[in-house]
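One structure is given here, and the rest of the page talks about it.
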Amino acid sequence: MKTRKKVLVTGGAGFLGSHLCELLLSRDCDVLCVDNFFTGQRANVAHLMGSPYFELMRHDVTFPLYVEVDEIYNLACPASPIHYQFDPVQTTKTSVHGAINMLGLAKRTKARILQASTSEVYGDPTVHPQTEDYRGNVNPIGPRACYDEGKRCAETLFFDYNRQFGVEIKVIRIFNTYGPRMHPNDGRVVSNFIIQALKNEPITLYGEGDQTRSFCYVDDLLAGMTAFMDTDASETGPMNLGNPHEITIRELAETVITLTGSKSTLIHRPLPEDDPRQRQPNITKARALLGWEPKVPVVEGLKKTIAYFEGELSAAK
Ligand code: NAD
Ligand code: UDP
């Protein structure tokens with residue numbers, strides 16, 4: 001009988017996690033999806049529930065978890081500024097206690113573990129594009145700190161568990177990723193703009209909209225994430241994963257209006273405190289090690305995401 005790899009995905013009912021569970025099942029893994037449903041939803045994995053190789057468990061990673069697994073993808077953590085600032089203490093706990101619990105599990109089961117870290121560890125970067133050796137410009141006491149510093153501390157824990165206990169770690173720093181199943185109310189720019197455009201409501205540009213981001217489509221991100229998981233144990237990262245195509249937030253708004261044929265106009269709202277001015281990944285490391293390259297142009301990815309939100313909005317009517 002074929003033995004399937006047992007893979008734990010924490011935060012598996014969220015946006016990235018649900019796509020990852022789907023991908024791992026298609027690769028004949030036995031998937032345990034763990035989520036406390038803070039921002040994730042059962043609906044995101046409802047289509048996987050019929051599989052005998054998929055199991056959904058409600059659990060908060062700030063508490064210990066006793067299961068037997070071969071591999072762990074640690075994605076549990078709210079990712080949008082609105083959600084991670086809603087209960088900042090819980091956000092830090094999720095990153096830090098969650099990392100300790102999942103690393104403890106990895107240590108006991110000898111599982112390899114991947115951490116979904118973030119470009120936010122670079123804060124408002126003074127080096128552009130960001131390379132992995134850049135140490136960042138994070139405000140440790142600002143409203144984004146619960147997320148940024150939580151993720152930075154999680155990275156510290158990953159590297160210390162690796163050095164101290166020999167746990168096999170993989171740390172990726174994810175740059176803005178978008179696609180179907182983003183939470184409609186999470187306030188992230190891509191979902192906000194698409195929903196506003198589809199409803200012909202004003203599009204909310206924070207500040208002048210000349211800040212930049214580089215948007216990666218979910219399928220590209222997961223191809224890089226899973227390829228990195230499969231590399232030699234000596235490859236710990238941290239490794240940037242994202243699409244280096246950088247655009248201003250205003251350009252994003254204009255593209256969404258064009259693609260949806262919307263009547264929306266642009267309105268300005270105050271720029272949130274500590275909002276990074278610019279962000280673009282340097283992906284030289286990922287290209288060299290994985291032969292990985294994002295393939296989905298932003299217009300194509302946006303079209304797929306718009307189609308998803310159109311479906312969601314018409315189902316809600
Ligand atoms: P998401 O909010 O859709 O998913 C996060 C999931 O974690 C949700 O299902 C949520 O319910 C769950 N969760 C939160 N706290 C938990 C806890 N204490 N215990 C168990 N589950 C918990 O966000 P996402 O975009 O899918 O992000 C997934 C991961 O990737 C996060 O760790 C995030 O920091 C990281 N990341 C994402 C992006 C991006 O652009 N999407 C960028 C950088 C990093
Ligand atoms: N943003 C915006 N309007 C919105 C939501 C976000 O102009 O309705 C801006 C936000 O200020 C930031 C960028 O879009 O500069 C990306 O925001 P998001 O919350 O998606 O992610 P971040 O990269 O800031 O974590």
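Coordinate-derived values only; no laboratory data. Source: prediction; values computed, not measured. Virtual Cβ from ideal backbone geometry, glycine too; neighbours counted across all protein chains shown.
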* Can you give the Kirkwood hydrodynamic radius of the chain from its Cα pairs, in Å with one decimal? -> 19.8 Å
* To do: Give the percent of DSSP beta bridges with both residues in the chain that are antiparallel, rounded to the nearest 5.
  => 10 percent
* To do: Kindly provide the GluC sites (Glu not before Pro) of the range 146-228 that DSSP labels as loop, not H, G, I, E or B, and whose Cβ sees at most 13 other Cβ atoms within 10 Å.
  => Glu208
* Cβ charges +1 (Lys, Arg) and -1 (Asp, Glu), total dipole of the chain, debye -> 440 debye
* Relative pair counts by distance (%), Cα atoms of the range 128-281, 5 Å bins -> 2, 8, 14, 18, 20, 15, 10, 7, 4, 2, 1, 0
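Could you work out the relative contact order of the range 116-178, using alpha carbon pairs under 8 angstrom and six or more residues apart, expressed as a whole percent? Kindly include the intermediate steps, with their values, before the conclusion.
Values: 60 pairs, mean separation 26.9, N = 63.
RCO, the range 116-178: 43 percent.
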* Structure fact -> The exposure ranking of Val9, Val89, fewest beta-carbon neighbours within 10 Å first, is Val89, Val9
* In terms of modelled amide H atoms, which long-range or inter-chain residues lie less than 5 Å from the amide H of Ser51? -> none
* Asked: Asp30's amide H: which non-local residues (gap 5+, or another chain) put their own amide H closer than 5 Å, with H modeled 1.01 Å from N in plane and none for Pro or chain starts?
  -> Lys5, Lys6, Val7
* To do: Give the distance, in whole Å, between the Cα centre of the range 209-237 and the Cα centre of the range 1-78.
  => 19 Å
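Above 15 angstrom, tally the Cα pairs of the range 242-284 and express them as a % of all pairs, no decimals. Present the calculation step by step, with values, prior to reporting the outcome.
On the way: 529 of 903 pairs.
Roughly 59 percent, once rounded to a whole number.
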* Taking the Cβ of Ile141 as the centre, find all other residues whose Cβ is under 12 Å away and add up their charges (Lys, Arg: +1; Asp, Glu: -1). => -3
* **Of Lys93/Lys170; Lys5/Lys304; Lys107/Lys170; Lys199/Lys303; Lys110/Lys295; Lys93/Lys285, pairs whose Cα-Cα distance is over 24 Å** => Lys5/Lys304; Lys110/Lys295; Lys93/Lys285
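How high is the relative contact order of the chain, in percent, with contacts defined as C-alpha pairs under 8 Å that are six or more residues apart?
The normalised contact order for the chain reaches 17 percent.
Order these by the 10 Å Cβ neighbour count, fewest first: Asp160, Asp35, Asp186, Asp28.
Details: Asp160 13, Asp35 27, Asp186 18, Asp28 10.
Neighbour counts put them in this order, fewest first: Asp28, Asp160, Asp186, Asp35.
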* Structure fact -> Along principal axes, largest first, the alpha-carbon spread of the range 20-73 in whole Å comes out as 29, 26, 16
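Using the number of other C-beta atoms within 10 angstrom as an exposure proxy, rank Thr94, Thr231 with the fewest first. Don't skip to the answer; put the middle values down first.
Working: Thr94 26, Thr231 14.
Ranking Thr94, Thr231 by Cβ neighbours within 10 Å, fewest first, gives Thr231, Thr94.
Using a ≥ b ≥ c from the Cα gyration tensor of the range 238-317 (square roots of the eigenvalues), is it rounded, prolate or oblate, where a/c under 1.5 gives rounded and otherwise the larger of a/b and b/c decides, a/b for prolate? Please report the intermediate quantities before stating the final value.
Numbers: a/c = 2.39, a/b = 1.45, b/c = 1.65.
Oblate, because a/c is 1.5 or more while a/b does not exceed b/c.
Let me check against my output: what whole-number percent is the relative contact order of the range 192-317, with C-alpha pairs under 8 Å and at least 6 apart?
Details: 159 pairs, mean separation 50.7, N = 126.
Worked out over the range 192-317, it gives 40 percent.
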* Go from 0 up to the bin containing the longest alpha carbon distance in the range 30-161, width 10 Å each, and give me the % of pairs per bin. => 12, 39, 33, 14, 2
* What value, in deg cm²/dmol to 500, does the helix sum -39500 (n - 2.57) over DSSP H runs of n ≥ 4 give at 222 nm once divided by the residues of the chain? -> -12000 deg cm²/dmol
